[in-house]
Amino acid sequence: MTTCLGFAAHEAHAALTPIRFERRALRADDVAIDIAYCGVCHSDAHQVNNDWNNTVYPIVPGHEIVGHVTAVGSDVTRFKVGDRVAVGCQVDSCLQCAPCSEHQEQLCIHGPTTTYNGKDRQTGEITYGGYSEHIVVREQFVLRMPVNLDPRYAAPLLCAGITVWNPMRRYGVGKGSKVAVVGLGGLGHMAVKLATALGAEVTVITTSPGKADDARTLGANHVLLSNDSAAMQAAANAFEFIIDTIPSRHNVNPYLMLLGREGVLVLVGAIEPLEPIHGGLLIRNNRTLAGSLVGGIQAIQELLDFCAEHQVLPSCEMIDIKDINTAFERLQRNDVKYRFVIDMTTLRDVALL
Ligand code: NAP
Ligand code: ZN
């Protein structure tokens, strides 16, 4: 076992503070990773605040992890000390069931082991995430960082990126697809960049008039204000694919109305009950309302390789770990452009205190 310094919350809505905890000794198929960067996902705030009623405290969040290998177990074949690697939202699964064998480990029927607030499959111990110095991860769940992908900007691909990439690939977003992105935050801005890179015509639907210029700079062709009912009416039936990243309960009907024939709206943000869905809106135009949960390891690797090849990089605001609580507050009040990434070397300053 190795002692690890990290940042944890000890109860709902509490500030994150330094914590020392133990990382497990390396198993034969484990990779030990020193963490260089960790993205700050809205899910981290949800989990810290126990919004999903499943948080075990203390919680060390962080599932957008970039770093390098410091040691490998005796059976590890794909990685060696010094390799640049990444870790996303899962660190283990059964690897036997149908979803696992079809590269959908995130849908493991026995439940994937999440990177934090999960349960280690062998010991039952709670997992701790990437707001920390280092992590130990089963080889199959470690991603290879392409050499031409700048590690300072790669972290948000591990959750925000894959969460929007996976459904875009599943539903065939490509050249000329008419795509709308609801909510221009961490996930939304990646949806704009990736859909644009795939050749789609992209519209951002936002509550924030002040984000219109940014949306266009990120690649969007059009911007719609969701509270402009005339503009929303005018866009009825306009889209083939809509991705809805709103992080809380909301009314999906105004967005469903925007889907054209056979259009698909993929919900990724709100995991609570929604306002009632209007059946007529779904039935008309053969519309589909779908959900999507992050993505499997193979898909994440495909995304990292795509982003390296096309130089699609998240827009990151780099922060010191000591500023994590301010970052959480800003995230909750919709003041982030467009993903906070923690420079984990700043943990050294905390260690000296
Ligand atoms: P974020 O950076 O806070 O972005 C969310 C965006 O939604 C905001 O920037 C805002 O955009 C819009 N928004 C916020 N509150 C709203 C409201 N009440 N009504 C309408 N629009 C609102 O969050 P994120 O990191 O992108 O995460 C988004 C959600 O996805 C979170 O709930 C997170 O837990 C979830 N998530 C799901 C998965 C999955 O696998 N399905 C994976 C990762 C994250 P505008 O200012 O443009 O309106
Ligand atoms: Zn996330």
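The values are calculated or read from the model by the stated rules, or taken from the named source; none is laboratory data. This one's a predicted model, so the numbers in the text were calculated from it and none came from an experiment. A quick note on method: Cβ atoms are made from the backbone with ideal geometry, for glycine too, and the neighbour counts reach across all protein chains shown. Remember, those area values only see protein heavy atoms, side chains included, never the ligands or the DNA or RNA. Shrake-Rupley method; radii C 1.70, N 1.55, O 1.52, S 1.80 Å.
Residue count for the range 22-49 satisfying the condition of being farther than 18 Å from Lys322 by Cα and assigned to a strand (DSSP E or B): 7. Counting only helices (runs of 4 or more DSSP H) that sit completely within the range 202-292, those holding 1 or more residues that are within 22 Å of Thr163 (Cα to Cα) correspond to 212-218, 253-256. Just checking, does the range 109-120 include any residue being among the small types (Gly, Ala, Ser), more than 24 Å from Thr17 (Cα to Cα) and within 15 Å of ligand 1 (Cβ to nearest atom)? Yes, some residue in the range 109-120 is among the small types (Gly, Ala, Ser), more than 24 Å from Thr17 (Cα to Cα) and within 15 Å of ligand 1 (Cβ to nearest atom).
Can you name the residue in the range 156-191 that is out of contact with any helix residue (DSSP H, G or I) (no Cβ under 8 Å at 6 or more places or on another chain) and within 19 Å of Asp305 (Cβ to Cβ) and, of all such residues, is farthest from ligand 1 (Cβ to nearest atom)? Once the filter is applied, the top-ranked residue is Gly174. Can you confirm whether Ala160 is over 17 Å from Asp34 (Cα atoms) and in contact with a Lys or Arg (Cβ under 7 Å, 6 or more places away or on another chain)? For Ala160, the condition - over 17 Å from Asp34 (Cα atoms) and in contact with a Lys or Arg (Cβ under 7 Å, 6 or more places away or on another chain) - is met.
Going by what's in this entry, would Cys4 be described as more than 16 Å from ligand 2 (Cβ to nearest atom) and open to solvent by less than 10 Å² (accessible area, probe 1.4 Å)? The answer is yes for Cys4. Scoring Ala195 on the criteria (1) free of Cβ contacts under 8 Å to residues at least 60 places away in the same chain; (2) in a loop (DSSP other than H, G, I, E, B); (3) buried (at least 18 other Cβ atoms within 10 Å of the Cβ) leaves a single failure, condition (2). When Leu293 is tested against the conditions (1) within 20 Å of Trp52 (Cβ to Cβ); (2) away from ligand 2 (no atom under 16 Å from the Cβ), the lone failure is (2).
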